[in-house]
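See structure below.
The values are calculated or read from the model by the stated rules, or taken from the named source; none is laboratory data. Here the structure is a predicted model, which means the values were calculated and not measured. Positions of Cβ are generated from backbone atoms using ideal geometry, with glycine treated the same way; all protein chains shown enter the neighbour counts.
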Amino acid sequence: MYVADSRGTPAPAVTPEPQAVAPGTRPGRRAALAPTVLALGTVSLITDVSSEMVTAVLPLYLVAGLGLSPLGFGLLDGIYNGISALVRLTGGHLGDRLGRHKALAGLGYGLSALCKPLLLLAHTLPAIGAVLALDRTGKGLRTAPRDALISLAAAPEDRGRAFGVHRAMDTAGALIGPILAFLILRGAADGYDAVFTVSACVAALGVLVLVLFVPGRRAAPSPGAEPVSLRAAFGLLVRRDLRRISLCALLLGLCTVSDAFVFLLLQRATGIADRWFALLPLGTAAAFFLLALPLGRLADRIGRWRVFLGGHLALLLAYGLLLTGGAGHGHSTALPYAVLLLHGGFYAATDGVLMAAAAGAVPEEHRGGGLALVQTGQALARFAASLGFGAAWTVWGPRPALAVAAVLLAVAAAACARLRPADEADARSAAETRAD
Amino acid sequence: MTLQRRILVLVCAVLLLAAVGVLAVVRASSRADEKNQPQAGGPQITRGEVTLAPDAGERRIVFRNMAWGPHRDELATVPAGAPQGPRTASGVSCLRFHAAAGTGICLQADKGGVQESYRAVVLDAHLKEVSAHPLAGIPTRARVSPGGHLVAWTVFVGGDSYAGTNFSTRTSLLDLRTGTFDASLEDFAIRKDGKAYRNADVNFWGVTFAADERTFYATLATGGQTYLVRGDLAERTVTTLRENLECPSLSPDGTRLVFKKRVPGLSPDAPWRLYVLDLASMRETPLAEERSVDDQVVWTDDKTVVYSLPGDFGADLYSLPADGSGAPAPLMASALAPAFLG
């Protein structure tokens, strides 16, 4: 039934939709990317350059610059994950309620930008920890409103591409940031304050681009309209599609081995030298960067849910390679590349694509809250998964733990393939009904 | 606002922010240059020969010179009897260093690529490179066994964009007699509370060697707790002995460990105090240093330890009786990672 549903996708995809499709768009050709999406992508790119500059030099700064021992630094992570979830839901819901996604996103970006100069003043681990927590609060606050803005700016049949462009730009920033930071440190030995100052300037530029080039709410909510209440926000889960998407994101999130473990397992499987270890996340990011747009477009064409599930199959394949490519089989030089490509592909097929899929299941006035709900469920599930995987590693050892994760992932993916929410076509007709 | 207006605002802001950024980099760069000029009132430093040979005359200290000037970060030496006197610098740069019995270990920055990388270099008595090993992170601890046959070092790994702010350590061991290299102590079998133990979150740091050239002590961290472990290089095992103990340093007679301990109730900025542990009775005694010490101490003899505290030019060294009596005394300014030789 799934195949039958999507076989006819190209035709409905160009069904005229008065509001969203730009005039003059010929059938079979895509509309130009909405300027708002490009602007938000630019904001994310700039902001990621800024924040990854800091992330890249932070260990060096703590150890070499301040002479601190950063061990035990991650202890607050657990508590912080809970707070971050609350902040995210708040950001999403307030954006809906006030009808001001842009203001909420701006607040989040602004808060993170403010943290960069604060780093110049913080010289102890607790103070730096507090600044980083504030930085992540800003990140939590802005994510859902920003994704709501992207989904509202793009035509429904173009959402996959819009999120793909955004995620590619975002990841590009993450790749550029560390290079910029280390270039500064080469020019000025121990110039951590210069790195933080430049990072602050870059972050300020990001906020400015948001303020100048991302339009605010096009129309204020009509006076007679029902206010977006908190109850209504949670009532979103009554909607079958959103409930199923959230459930699947949660279920699959519970079977996702966190990145740190994937890189550790990859190193164990292949015996990659320590000096290359730090480059593994860059490999994943590079694959994410290259694949985000093509997979986003593919999702528009063949169905977002299918690409989302496909991404998890890529992850499953990566687990399989890690399980079979390890000790006893000789070390294949292609293995690390294949695993990182699949791992980056997993992100490219799931991160923005999930938002594109979820956007179709949430009415516009609840877009921020709805997306936040899905993201939060997924983030909490992934956090639980990393705790669970750590425990399984302790009890069974790394390979059995990964084997269990692979089996669970396969089961969850099969369950989600059955639970499949109505495809975009349905959501689109719903949107049209509303527009009438 | 018209598009033209907005672009104008953007261009002005870009120019302004770029100016601030460039200014910050230029200032940091000129400050870095300043550190290559000798500091007023600093120690007199001349280029000369530095040897690690145990029988090279009077007792001396070899250390990382932190004083500003052309020899900053180089290994330097002073007579142990005149630590505040003129220094002789070697031309070999190290971030962390230790030496014993004519063998030295130097963890140094490798300023090759864009990103700073590090390597561990084993030095002979004449500071010639015996072997080099690339490092996975930022150097923090280095030790040579009393007989000069075993070498260990610890680096901080982490902080990459995906793993977030979680840091871990990696401790490596090298046996110079056989060339056996253990890239990570985490491959050793762990016995904790009498049972085999494993966990992905295991971290080791701060190795100290016994005189038998086989036994060592180190810190093991897992599940938010630190432990003192005793290791056996031949059996490739480590066994936990005690909780809440970091960076042990074994006395030359092998009977006591001085270590840093996280004392409850202290400010999280300055959580550590130095303690001495008697290995026969397992009794611990606080040392007479009231400041927080984040260092692996070095024994000068069976009665005295030396450690670093943050100073005006990076770090200063202090000495202290190892039995809890007395008071800390400044040993030398602008110095780090000392080894007492001869």
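Listed values, structure above:
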quantity	calculated
Every residue from region B:183-236 that is within 18 Å of B:Ser168 (Cα to Cα), more than 14 Å from chain A (Cβ to nearest Cβ) and not in a loop (DSSP other than H, G, I, E, B)	B:Val207, B:Leu228, B:Val229
Any hit, region A:225-236, residues being part of a helix (DSSP H, G or I) and within 21 Å of the chain's Cα centre (by Cα)	no
Complete set of residues in region A:280-313 that are of a type in the set (A, V, I, L, M, F, W, C), farther than 23 Å from B:Asp182 by Cβ and within 14 Å of another protein chain (Cβ to nearest Cβ)	A:Leu282, A:Ala285, A:Ala286, A:Ala287, A:Phe288, A:Phe289
Within region B:287-301, tally of residues that are under 22 Å from B:Ala152 (Cα atoms) and in a loop (DSSP other than H, G, I, E, B)	7
Of residues in region A:107-132 being small (Gly, Ala, Ser) and out of contact with any Leu (no Cβ under 7 Å at 6 or more places or on another chain), the one farthest from A:Ile83 (Cα to Cα)	A:Ala122
Checklist (1) at pLDDT 95 or above; (2) under 19 Å from A:Ala64 (Cα atoms) applied to B:Asp312, failing item	(1)
Failed condition for B:Leu176, given (1) of a type outside the set (D, E, K, R); (2) over 23 Å from B:Arg242 (Cβ atoms); (3) surrounded by 24 or more Cβ atoms within 10 Å (Cβ to Cβ)	(3)
Residue match in region A:349-361 (condition: among the hydroxyl-bearing types (Ser, Thr, Tyr) and surrounded by fewer than 24 Cβ atoms within 10 Å (Cβ to Cβ))	no
Condition met for B:Thr255 (exposed (fewer than 15 other Cβ atoms within 10 Å of the Cβ), at pLDDT 95 or above and farther than 16 Å from B:Leu173 by Cα)	yes
Residue among B:Pro310, B:Pro248 that is free of Cβ contacts under 8 Å to residues at least 12 places away in the same chain and either in contact with a helix residue (DSSP H, G or I) (Cβ under 9 Å, 6 or more places away or on another chain) or in a strand (DSSP E or B) (or both)	B:Pro310
Residue in region A:205-219 that is modelled with pLDDT of 95 or more and over 30 Å from A:Val353 (Cα atoms) present	no
Filtered residue count, region B:3-22, keeping only those that are facing chain A (nearest Cβ under 8 Å) and under 26 Å from A:Val195 (Cβ atoms)	7
Residue match in region A:146-161 (condition: within 14 Å of another protein chain (Cβ to nearest Cβ), touching a helix residue (DSSP H, G or I) at 6+ places or on another chain (Cβ under 7 Å) and either among the β-branched types (Val, Ile, Thr) or surrounded by fewer than 23 Cβ atoms within 10 Å (Cβ to Cβ) (or both))	no
Search result, residues across region B:251-280 that are among the charged types (D, E, K, R), part of a strand (DSSP E or B) and more than 22 Å from A:Pro126 (Cβ to Cβ)	B:Arg256, B:Asp278
Lone qualifier among A:Ala181, A:Ala200 - being within 14 Å of chain B (Cβ to nearest Cβ), in a helix (DSSP H, G or I) and touching a Lys or Arg at 6+ places or on another chain (Cβ under 9 Å)	A:Ala200
Scan of region B:181-211 for residues that are at pLDDT 95 or above and of a type in the set (S, T, N, Q), ordered by number	B:Thr208
Residue in region B:320-341 that is in a loop (DSSP other than H, G, I, E, B), in contact with an Asp or Glu (Cβ under 6 Å, 6 or more places away or on another chain) and either closer than 30 Å to B:Thr51 by Cα or of a type outside the set (Lys, Arg) (or both) present	yes
Criterion (part of a helix (DSSP H, G or I), within 24 Å of A:Ala361 (Cβ to Cβ), out of contact with any strand residue (DSSP E or B) (no Cβ under 8 Å at 6 or more places or on another chain) and among the hydrophobic types (A, V, I, L, M, F, W, C)) met by exactly one of A:Leu313, A:Leu290, A:Leu266	A:Leu313
